[in-house]
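Q: Below you'll find the structure I mean.
The values are calculated or read from the model by the stated rules, or taken from the named source; none is laboratory data. Since the structure is predicted, the reported quantities are computational estimates derived from the model, not experimental observations. Cβ placement follows ideal geometry from the backbone for every residue including glycine, while neighbour counts extend to all protein chains displayed. To get the accessible areas, we keep the full protein, side chains included, count just its heavy atoms, and leave off ligands, DNA and RNA. Shrake-Rupley method; radii C 1.70, N 1.55, O 1.52, S 1.80 Å.
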Amino acid sequence: MSRIVSLVDRIEAEYGEQFPGATEQEMTWLAPQFEELFGIALPAAYAELLRRTNGFDFDGLCVYGTHDLEGEVFRFGIVESNQRLLHGVHDLDSPLRFFGERDDQLLAYDTSDQAWKLVDRYSWDPDDPQDVYESFEKLMVQMLEEAAE
């Protein structure tokens, strides 16, 4: 079991369930959408997280699922969220692609330097040099560990 899944399990055991995991049909649909949007293959750690919980929302940390879900509980989808952020009111030319939020920050992948970043919601720049990670997995483990505290 990966560190990400064990952290989600721990949070769910203490605070309640998140979303059901993504189906194989949803994952098959997402893979090419993600690759087109991010310019890279869907990271294995992100796919594993989505299969465990299709989206995550706890204590200010939100990780986008495969698609928007409306109903009793709302979940942000990764493709729709990037459309809103990059093409909402104005079309923005940015190398950032987004996969989640934490309080006043966005979780992003920078297509120009291939780094995973925690960026300020308004400036879209990291607040601190430590907010730049070499992989999705390292960033997510850090975010989930902080949420589980």
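Q: Which value, in nm² and rounded to one decimal, describes the direction-averaged projected area of the C-alpha convex hull of the chain?
A: Average of the hull's projected areas for the chain equals 8.9 nm².
Q: Moving to a separate point now. So with the 1.4 Å probe, I'd like the accessible area per residue for segment 9-108, rounded to whole Å².
A: Roughly 52 Å² per residue, with all protein chains present.
Q: In segment 1-80, how does Rg compare with the Kirkwood Rh, expressed as the Rg/Rh ratio over alpha carbon atoms?
A: 0.96
Q: Suppose we flag chymotrypsin sites (Phe, Trp or Tyr not before Pro) only when DSSP calls them loop and at most 11 other Cβ atoms lie within 10 Å. Which is the longest uninterrupted stretch of the chain?
A: That gives 1-73 as the longest site-free run.
Q: Could you give the length gained on full extension between residue 33 and residue 103, defined as 0.36 nm per residue of separation minus the Cα-Cα distance, in nm?
A: Result: 22.6 nm gained on full extension.
Q: With the full set of protein chains in place, find how many percent of the accessible area of the chain is carbon and sulfur; take the probe as 1.4 Å.
A: The value for the chain is 48 percent carbon and sulfur by accessible area.
Q: Expressed as a fraction of 2.2 N^0.38 Å, the rule-of-thumb size for a compact globular protein of N residues, what is the C-alpha radius of gyration of segment 88-147? Intermediate results must be reported in sequence, preceding the final value.
A: Working: Rg = 11.3 Å, N = 60, 2.2 N^0.38 = 10.4 Å.
Normalised Cα radius of gyration, segment 88-147: 1.08.
Q: Taking the chain as a Gaussian network, where each spring joins two C-alpha atoms under 10 Å apart, which residue of 53, 23, 66 fluctuates the most?
A: Top of the fluctuation ranking is 23.
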